[in-house]
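This report concerns only the one structure given below.
Rule-based calculations on the coordinates, nothing more; no lab input. Just so it is clear, the structure is predicted and the values come from calculations on it, not from any experiment. Positions of Cβ are backbone-derived with ideal geometry, glycine not excepted, and every protein chain shown enters the neighbour counts.
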Amino acid sequence: MNASAVLRNGWQKVFGAGARSARPIPGDASHGTILYLEDISVSFDGFKALNALTLYIDAGELRCIIGPNGAGKTTLMDVITGKTRPDAGSAWFGQTTDLLTLTEPQIAEAGIGRKFQKPTVFEQHSVLENLALAVAGNKTIWTTLVSPLSRVQHERIEAALETIHLQDRRDMRAGMLSHGQKQWLEIGMLLAQQPQLLLVDEPVAGMTPQEVERTAELLLSLAGKHSVMVVEHDMDFVRSIARKVTVLHEGHVLAEGTIDEVQSDPRVVEVYLGE
Ligand code: ADP
Ligand code: MG
């Protein structure tokens with residue numbers, strides 16, 4: 001039995017109900033997987049927001065998650081980041097980290113960063129100071145701004161500035177940035193913390209067409225170095241970045257494949273027409 005068969009069929013189906021989870025068999029080729037979600041269910045007052053959801057993300061992959069309103073996309077991110085505990089299922093980050101045993105801060109510490117829809121930068125502080133606060137981790141604003149940064153921290157800040165293309169705005173107050181630039185700064189702040197997996201919820205909502213294009217370039221430039229999971233409604237945007245798309249519907253994976261494959265899937269068409 002090879003790893004891809006396990007991934008395809010699910011650990012439980014291949015190894016029986018007693019099998020614990022789809023962590024890779026030691027020594028086999030599935031180390032490329034960074035996130036394993038299996039049979040995850042979340043109920044709110046009896047309503048299943050996630051219903052036996054199974055999803056795998058590869059290291060370095062850029063994955064788009066789409067689906068109609070209420071499909072469970074945000075709940076999925078809440079489960080991965082520890083904000084919501086599932087009623088059933090397993091969630092592993094890499095081969096050794098059981099996400100369901102960790103708190104939200106421990107999950108962030110383990111290398112999962114989350115970008116919420118609304119930018120949450122420190123408006124009174126400069127772009128550079130925002131990035132310094134991010135690399136400093138949980139120090140207070142005051143301690144961070146008066147302490148000299150280490151060389152490594154400087155390098156991380158410069159690398160983030162370059163990735164988000166805000167080098168020439170480094171001394172500008174974050175409050176003066178455009179909406180799109182604030183979103184990039186927040187992505188830069190997450191990158192400065194060097195997450196292995198980055199979750200991004202609707203990054204291009206409210207952006208100008210030029211900003212949308214820059215955001216696509218930015219997310220594409222992260223692929224390979226980080227795994228990125230993007231939830232997005234804008235189909236043109238998804239088309240411009242997507243390698244692999246997962247369609248959620250009623251808390252379950254309805255379809256998975258290239259954007260062309262999922263858009264021509266009759267079940268997907270039906271779900272979107274019914275919206
Ligand atoms: P999406 O992000 O795909 O639009 P959500 O994950 O936000 O969907 O929500 C999935 C379903 O779960 C929706 O029907 C929503 O109303 C419900 N839901 C989400 N969070 C809660 C909550 N805290 N309490 C009750 N119902 C919730
Ligand atoms: Mg949502």
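Observations
- Separation of the range 162-213 and the range 98-137, taken as the distance between their Cα centroids, equals 13 angstrom.
- Rg/Rh for the chain, where both radii come from Cα atoms and Rh is the Kirkwood radius: 0.98
- Cα-based Lys proximity count in the chain, under 14 Å, for pairs eight or more positions apart or on separate chains: 6
- Whole-Å semi-axes of the ellipsoid equivalent to the range 53-128 (Cα gyration tensor, √5λ, descending): 24, 17, 14
- GNM result for the chain, Cα springs below 10 Å: residue of GLY89, GLY46, GLY251 fluctuating most strongly: GLY46
- Rounded to the nearest 20 debye, the dipole magnitude of the chain is 620 debye, with +1 charges on Lys and Arg beta carbons, -1 on Asp and Glu beta carbons, and the Cα centre as origin.
- Trypsin sites (Lys or Arg not before Pro) lying in DSSP loop within the range 192-251, provided at most 14 other Cβ fall within 10 Å: LYS225, ARG243
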